[in-house]
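Laboratory data are not the source of any read-out in this text; all were calculated from the coordinates shown. Computed from a predicted structure; not experimentally measured. Backbone-built Cβ (ideal geometry, glycine too); neighbour counts: all protein chains shown.
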Amino acid sequence: MSKYKILVVPSDRTGVGKFRSVDPHLCLQKMYPDEFWVDIDYEPKIQDEKFLKKYDLIHFHRTLHPDYNLSKQFIPKLKKLGIPSIMDVDDHWMPNKEHPAYRLVIEKGVDKAILDNLKVSHYVSTTTPLFAEEIKKINKNVFVLPNAVDPNEKQFKNNTEESDRIRIGWLGGSSHLADLQLLGNVFSRLDSIKDKIQVVLCGFDTRGSITEFNNATGEEKTRAIKPHESVWYQYEKIFSNNWSFVDKEHKKFLDKYNFGKEYSNNDTSYRRVWTKPITTYASNYNKFDISLAPLKRHKFNQVKSQLKVIEAGFHKKALIAQNFGPYQIDCINAYQHGGTISDKGNSLLVDEVKNHKQWYQFTKKLVDNPNLITDLGERLYESVQKYHIENVTKERAEIYRQLITKHKL
């Protein structure tokens, strides 16, 4: 039997392309070497019909070509050639107004371009059933292939650093200020036990630029962003409790903003951890015991992936998450009415109307009960095994077989 030839077109080389395009298809070829052959091409010759006809199925993330209009024109051509194509989407096309990319999306019309591609695509794959329901309003041919991790990959191996402190951590990117603000006064309330805990902020990054507009002259000027202008400066204010968790020497070191360098003493109440590449970032979970996942209620967040749950689970972390959207897919709240803790729960879920007290309440509960941290981590680990990349790849292989067979008939 000849192999099914799959063309994969990632949207980037350093970010989402790893989880949604590259890793899943490398695993597909590895698991089924006699059945699937995969080509990963960042700049495919989509205008070359002879090139396209080599493939039995084409998978692309968001767009088949950097030029969305060109992509929109050529997706229907694949239909005429009888080649099934799958457009993968992992985030809603319209970020909320608080998102750093909102203005750019509006100005460039990226949301409309993605929608145009969705409308003409053969099939659409996405991360969660919640997002699938939203996409069905535009294209009914949608199926779920969730984010997955390879636990054999070094960054996903649970190898937690030892410490006498209970460590409370968060790992993420630069678009989560509104989410983190939901934590409120949790760290100021923990001030009385700051010698027993460590708050860990992972992903710190002050690189980037800022564009200033002169109203008088109409001139736009782009310059390097200053550390105190970075959103990470605001993140650090939250996690260090306005730097009350650091002494003078530590603060002096932090103010230097030496990229990639950590303070020599890790036995502190606050720890800044600089950003890491997509290939190693998840190893930061080994620096803390409790993972926080606040999430503000709006459409963009509702249809996000539950990757934070998956990552925390494979690292056996106790998870405190928002009782909303993607975190309701796999999380079972161990907190019961009246304050009891169920031995069937795998996490602690914070209700939106109780943000002001439950983030602190649940964190303090875990700090006072280290055994509960272990128990929740083990239960979450069991819950996320369905996101082992081999399990998700089995689903992918079956979907691809069905689509290819259908279009060959």
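Among 406, 317, which comes first, second and so on when ranked by fewest other beta-carbon atoms within 10 Å?
With the sparsest Cβ surroundings first, the list reads 406, 317.
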Ranking of 56, 111 by count of other Cβ atoms within 10 Å, fewest first: 111, 56
Options (i) 84, 63, 44; (ii) 69, 64, 39; (iii) 65, 52, 50 - which one matches Cα extents along the principal axes in Å as calculated here: (ii)
Extended-chain gain in nm, criterion 0.36 nm per residue less alpha-carbon gap, residue 181 and residue 133: 14.4 nm
Sites residue 278 and residue 252 - FRET efficiency at Förster radius 35 Å, r taken between beta-carbons, to 0.05: 0.65
Packing-based ranking, highest mean first, of 214-221, 143-150, 291-298 given that Cβ atoms within 10 Å are counted: 291-298, 143-150, 214-221
Residue 39 versus residue 158: modelled label distance in nm, points set 7 Å from Cα along the beta carbon direction: 4.2
Inter-site label distance for residue 189 and residue 259 at 7 Å from Cα along Cβ, in nm: 3.8
Proxy reagent accessibility, fewest Cβ within 10 Å first, across 383, 347: 383, 347
Estimated FRET transfer efficiency (residue 205, residue 98; beta-carbon r; R0 25 Å; 0.05): 0.85
